[in-house]
Amino acid sequence: MMYQDTICALATPQGIGALGIIRVSGEKSVEIVNSIFKGKNLKVVQSHTLNYGYIVNEKEIIDEVMVSVFLAPRTFTSENLVEISCHGSSYILQEILNLLVKKGCRLAIAGEFTQRAFLNGRIDLSQAEAVADLIASENKASHDLAISQMRGGFSSLLKELRIELLDLASLLELELDFSEEDVEFADRSQLLQLLNQILYEINPLIESFTYGNAIKNGVPVAIIGKPNAGKSTLLNALLNEDRAIVSDIAGTTRDTIEESININGIQFRFIDTAGLRETQDAIEAVGVAKALEKADTAAIILYLVDIETLSWKEVEADLNRLKRENVFIILCLNKQDKNIDIENTELSKSTENKYPVIKISAKENINLELLKEEMYLYIEKQKASSQTIVNNTRHLNALLKAKESLELCKKGLQSGLSSELVAIDLRRALEALGEIIGQVSNDELLGNIFGKFCIGK
Ligand SMILES: Nc1nc2c(c(=O)[nH]1)N(C=O)[C@@H](CNc1ccc(C(=O)N[C@@H](CCC(=O)O)C(=O)O)cc1)CN2
Ligand SMILES: Nc1nc2c(ncn2[C@@H]2O[C@H](COP(=O)(O)OP(=O)(O)OP(=O)(O)O)[C@@H](O)[C@H]2O)c(=O)[nH]1
């Protein structure tokens with residue numbers, strides 16, 4: 001066994017609960033727990049058994065417990081692993097941890113159990129990261145993603161890609177071995193075809209990040225519009241509670257407020273913002289600047305207009321300022337309950353065809369379900385192109401690095417660059433893909449990843 005220390009930690013949350021679980025992993029875990037256990041001799045019980053007894057400090061009973069014994073290598077960490085399931089009193093939990101340390105355990109650092117599962121080769125790095133995602137998941141979409149990644153969906157795809165790249169590399173290297181004889185073993189057009197194939201597989205993964213990130217962190221939605229358009233009312237109606245301050249005085253909303261709702265399992269984070277207009281009020285001016293800033297990071301913008309004070313020129317000017325790539329703007333014509341006829345205005349000509357238009361009343365709850373549906377469908381549409389979804393910035397950066405190196409290979413092959421130089425770029429691409437599953441890693445990277453886990457995980 002590579003990792004000699006036996007580590008222990010509380011696996012359940014701090015504080016009072018019905019039960020608490022303490023996890024112990026390492027070569028000596030059975031022996032150590034056995035030394036504070038009164039009941040069966042744990043050193044002779046079978047793997048994967050649950051054993052009833054008491055945890056004792058010398059003669060003093062600390063708690064009545066159940067102890068699970070898992071013997072290496074078929075365990076979560078691939079090491080001997082013991083779990084003590086006791087009553088969830090903070091005193092009991094602390095006493096047992098103290099005892100374990102006295103008998104030779106060390107307190108585990110954050111993520112150390114999962115890190116051992118990785119270092120012992122039971123799971124790869126992307127699977128370990130998925131464990132953290134799974135614990136953090138709060139809705140169906142992020143949960144589904146984490147489960148599929150934890151079960152190795154992404155890993156097997158990457159392994160296939162690496163095999164294809166290795167085939168390519170070996171063709172090139174073969175040529176290198178004979179370079180003095182000036183022969184070209186590898187048919188360049190065949191190499192190019194292989195390269196294109198791999199790029200063809202990597203691109204959708206890169207593109208899937210927009211969706212993956214939205215699922216993981218929630219979809220940022222900015223509600224933008226002139227003062228009194230009804231932004232706060234809309235937010236409140238969507239959230240179904242009185243979160244933002246609503247008033248008749250234009251410019252009431254001065255700070256940005258964040259709330260989120262779940263639509264069909266996807267989290268949407270709403271940002272209510274100050275009205276867009278030139279302002280003399282210094283505090284409000286900050287709010288307006290913030291509104292535009294928020295709009296820059298939003299995936300969806302709900303541009304709200306009051307049909308009563310509608311000026312299409314201004315609306316168009318605002319929309320032109322807001323539009324950019326990768327943002328979905330929905331034009332919401334608010335206050336429909338007022339029954340104002342806006343048919344046949346300039347709207348039809350200028351804006352209607354460029355943006356989806358929904359006629360709503362924030363106050364009277366008209367068409368808000370339709371609006372939610374529109375937002376949900378937009379996000380769902382982004383998912384369609386890729387089966388495997390990337391939701392991790394580290395993975396995205398590695399994929400981008402791989403892509404860049406592959407593009408260089410391609411250029412090299414096309415311009416007749418020596419195989420030696422092409423092989424260097426190819427190796428870089430391989431390395432980048434290896435980083436994702438942890439075939440290439442270092443202490444800093446591992447510290448970064450596992451340091452964000454809970455203690456005891
Ligand atoms: N009590 C308890 N519950 C728990 C965990 C745990 O460690 N302890 N888990 C911890 O996260 C999760 C379950 N995940 C696990 C993943 C792998 C193995 C494991 O032992 N794998 C071995 C052997 C599998 C087998 O017996 O067939 C292996 O893959 O080799 C155990 C739990 C959630 N519930
Ligand atoms: N009739 C009607 N009135 C509405 C509707 N939506 C909002 N209002 C009213 O419009 C006024 C302004 O609404 P707010 O939600 O405060 O507007 P806002 O865009 O957040 O305004 P600022 O905070 O000033 O930027 C309030 O009196 C609301 O009750 C609607 O659908 N119909």
Restricting the stretch 1-24 to residues that are of a type in the set (Ser, Thr, Tyr) and open to solvent by less than 50 Å² (accessible area, probe 1.4 Å), the residue that is farthest from ligand 1 (Cβ to nearest atom):
6
Given (1) within 13 Å of ligand 1 (Cβ to nearest atom); (2) on the phi < 0 side of the Ramachandran plot, where does residue 78 come up short, assuming only one miss?
(2)
Considering only the stretch 329-337, I want to know if a residue exists there that is in the same structural domain as residue 229 (by TED's automatic domain parsing), within 16 Å of ligand 2 (Cβ to nearest atom), modelled with pLDDT of 90 or more and surrounded by fewer than 17 Cβ atoms within 10 Å (Cβ to Cβ).
yes
Can you spot a residue in the stretch 398-410 that is modelled with pLDDT under 90 and over 21 Å from residue 147 (Cα atoms)?
no
Name every residue in the stretch 96-146 that is away from ligand 1 (no atom under 16 Å from the Cβ) and of a type in the set (Lys, Arg), in order of residue number.
102, 103, 106, 140
In the list 247, 232, which residue meets the criterion of being outside any strand (DSSP E or B), more than 16 Å from ligand 1 (Cβ to nearest atom), at pLDDT 85 or above and over 18 Å from residue 331 (Cβ atoms)?
232
Determine if the stretch 367-376 includes at least one residue that is within 30 Å of residue 337 (Cβ to Cβ), within 16 Å of ligand 2 (Cβ to nearest atom), in the same structural domain as residue 228 (by TED's automatic domain parsing) and assigned to a loop (DSSP other than H, G, I, E, B).
yes
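The values are calculated or read from the model by the stated rules, or taken from the named source; none is laboratory data. Small disclaimer: the values here were computed from a predicted structure and weren't measured. Using ideal geometry, Cβ is built from the backbone for each residue, glycine included, and neighbour counts are taken over all protein chains shown. Please note that ligands, DNA and RNA were not included when accessible areas were found on the heavy atoms of the full protein model with its side chains. Shrake-Rupley method; radii C 1.70, N 1.55, O 1.52, S 1.80 Å.
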